[in-house]
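This is the structure, below, for whatever I ask next.
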Amino acid sequence: MRALKYLFVSSILLGLSSFDIPKTEEVKWLTFEEAIALHENNPKKLLIDLYTDWCGWCKVMDRNTYGKNEIAKYINENFYAVKFNAEQKESVEFRGHTFNFVSQGRRGVHELAAALTRNQLSYPTTVFMDEDLRIIQPIAGYLKPEQMEPILLYIGGSHYTTTEWEEFKKNNKTSL
């Protein structure tokens, strides 16, 4: 009887394993340095998520926006995704310049975060850079998935080079 029960449970588990369970896509986050190194051999746009450890909306955006399968998949295919703590203490070398942490008040800020946001620090901020590592646009604040999707399509598809944002939004209702 015990052998029969074992055989029955085993056959059910084996049958279940043949079903295709949808894979959850996650953003493949890199450090800034890792993204730059990959970019040297295979240029792609960068999406930089500027955050701080204390930022509640940063955590919500990680979960609700970057945690959405379609968004994560599109980011992984079209960008090098960088997770950058705007209060990190480690220096970063970029384009012959060393960016450092600057202590201010209770916390401080990393010079690279300030440069990427054009000194308009807010968390979270999503910064987009083109294939030549020039800033396309920093976008301050929490972005819901339905806000992030058209932005990703606009920048990921290089529409920003030929089409104004308002025109793109009006004429493109496609989602990921």
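None of the figures in this text is laboratory data; all of them are computed from the coordinates on show. As the structure is a computational prediction, the values presented were derived from the model and not from experiment. Cβ coordinates were reconstructed from backbone atoms using ideal geometry, including for glycine residues, and neighbour counts include every protein chain displayed.
Under 1.5 on a/c is rounded, so check that first for segment 51-117, then, if it is not, pick prolate when a/b is larger than b/c and oblate when it is not; a ≥ b ≥ c are the square roots of the alpha carbon gyration tensor eigenvalues.
Here segment 51-117 falls in the oblate category.
Roughly how big is segment 106-145's charge dipole about its Cα centre, with Cβ charges of +1 (Lys, Arg) and -1 (Asp, Glu), in debye to the nearest 20?
340
Explain nothing, just the number: relative contact order of the chain, from Cα pairs under 8 Å at least 6 residues apart, as a whole percent.
23
Residues with beta-carbon under 10 Å from that of residue 158, excluding residue 158: net charge, scoring Lys, Arg +1 and Asp, Glu -1?
Here the charged neighbours net out to -1.
Now, a different point. Would you please give the residues with an amide H less than 5 Å from that of residue 139, counting only those at least 5 places away or on a separate chain, with H modeled from the backbone geometry?
Excluding prolines and chain starts, which carry no amide H, the hits are 126, 127, 128.
Lys and Arg at +1, Asp and Glu at -1: add these up for the other residues within a Cβ distance under 11 Å of residue 91 and post the number.
Here the charged neighbours net out to -3.
A further question on this structure: Let me spell out the model: positive unit charges on the Cβ of Lys and Arg, negative unit charges on the Cβ of Asp and Glu, origin at the Cα centre of segment 23-169. What dipole size does that give, in debye rounded to 20?
Using only the charged Cβ atoms, the result is roughly 420 debye.
Now for a different question. Looking only at segment 23-169, where both bridge partners belong to it, what percent of the DSSP beta bridges are antiparallel (to the nearest 5)?
60
Quick one: angle between helix 145-156 and the longest Cα principal axis of the chain, in degrees between 0 and 90, rounded to 10, please.
60
Rank 29, 48, 136 by how far each Cα sits towards the positive end of the charge dipole of the chain (+1 on Lys, Arg Cβ; -1 on Asp, Glu Cβ) and give me just the farthest.
The Cα lying farthest towards the positive end belongs to 29.
What's the ranking of 109-117, 146-154 by average number of surrounding C-beta atoms within 10 Å, highest first?
Ranking the peptides 109-117, 146-154 by packing returns 109-117, 146-154.
Another one. Taking the chain as the region of interest, what is the percent of Cα-Cα pairs per 10 angstrom bin, listed from the shortest bin to the one with the maximum distance?
P(r) over the chain, rounded to whole percents: 9, 32, 29, 13, 7, 6, 3, 0.
For the chain, with the dipole built from +1 on Lys and Arg beta-carbon atoms and -1 on Asp and Glu ones, taken about the Cα centre, which of 38, 153, 100 lies farthest toward the positive end?
Of the listed residues, the answer is 153.
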